[in-house]
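The values are calculated or read from the model by the stated rules, or taken from the named source; none is laboratory data. From a predicted model like this one, the values you see are computed outputs, not experimental measurements. Neighbour counts run over all protein chains shown; Cβ positions are idealised from the backbone, glycine included. Just so you know, the surface numbers come from the protein's heavy atoms only, side chains and all, with ligands and any DNA or RNA stripped out. Shrake-Rupley method; radii C 1.70, N 1.55, O 1.52, S 1.80 Å.
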Amino acid sequence: MAVAKRDERNRTIATNKVAHREYEIIEELECGIVLSGSEVKAMRESQVRLNDAFARVVRGELWLIGLHVAPYSFGHGFGAHDPDRQRKLLVHRRERERWQSISEQQHLAMVPLRLYFKDGRVKVLLGLGRGRKNYDKRQVIAKRDADLEK
């Protein structure tokens with residue numbers, strides 16, 4: 001009997017569970033991310049907090065701000081990384097310019113929805129979303145509960 005081995009090259013690291021409740025997601029984009037070695041090792045251990053993170057265009061580059069990657073358990077001293085540093089996102093120039101213009105014109109937020117491995121590389125699923133008011137959030141929660149009862 002063969003035991004099914006979990007595919008380590010394609011798996012979800014972290015999801016932003018409150019993003020779909022807080023924002024109405026209009027569009028999604030897959031981005032690469034610039035990481036150090038100890039950050040990737042910490043992500044393999046799923047030591048990531050994605051809740052307060054957001055993306056912003058700064059001087060023509062897309063940056064992920066507020067992503068907390070806990071220090072790798074065996075990385076001390078020289079090999080360690082700053083857990084709360086800003087990380088550069090890798091996207092095509094035209095996509096970045098298009099998202100920047102849409103977000104500025106319509107006052108939308110760029111929110112990370114999911115962090116995952118794809119063929120051994122870390123990817124970020126970024127969502128372009130409009131913030132919801134409190135009454136909208138209550139309607140979303142009520143609709144979800146009604147669907148669960150069905």
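Remarks
- Meets criteria (under 21 Å from the mean Cα position of the chain (by Cα), at pLDDT 85 or above, among the basic types (Lys, Arg) and more than 21 Å from residue 27 (Cα to Cα)) for residue 87: yes
- Of all residues in segment 18-54, those being open to solvent by less than 30 Å² (accessible area, probe 1.4 Å), of a type outside the set (S, T, N, Q), without any contact (Cβ under 8 Å) to a residue 60 or more places away in the chain and not in a loop (DSSP other than H, G, I, E, B) number 2.
Residues checked against (1) acidic (Asp, Glu); (2) modelled with pLDDT under 85; (3) touching a helix residue (DSSP H, G or I) at 6+ places or on another chain (Cβ under 6 Å):
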{"site": "63", "(1), (2), (3)": "no, no, no"}
{"site": "73", "(1), (2), (3)": "no, yes, no"}
{"site": "78", "(1), (2), (3)": "no, yes, no"}
{"site": "96", "(1), (2), (3)": "no, no, no"}
{"site": "99", "(1), (2), (3)": "no, no, no"}
{"site": "104", "(1), (2), (3)": "yes, no, no"}
{"site": "114", "(1), (2), (3)": "no, no, no"}
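- Some residue of segment 22-35 being at pLDDT below 85 and of a type in the set (Gly, Ala, Ser): no
- The residues of segment 116-150 that are part of a strand (DSSP E or B) and over 18 Å from residue 52 (Cα atoms), listed by number, are 117, 118, 121, 122.
- Residue that is modelled with the highest pLDDT, among those in segment 8-17 that are open to solvent by less than 80 Å² (accessible area, probe 1.4 Å) and not β-branched (Val, Ile, Thr): 16
- Residues located in segment 121-141, provided they are open to solvent by less than 60 Å² (accessible area, probe 1.4 Å) and not β-branched (Val, Ile, Thr): 123, 125, 126, 127, 128, 129, 131, 136, 137
- Scope segment 103-115; condition assigned to a strand (DSSP E or B) and either surrounded by fewer than 18 Cβ atoms within 10 Å (Cβ to Cβ) or basic (Lys, Arg) (or both); matching residues: 109, 114
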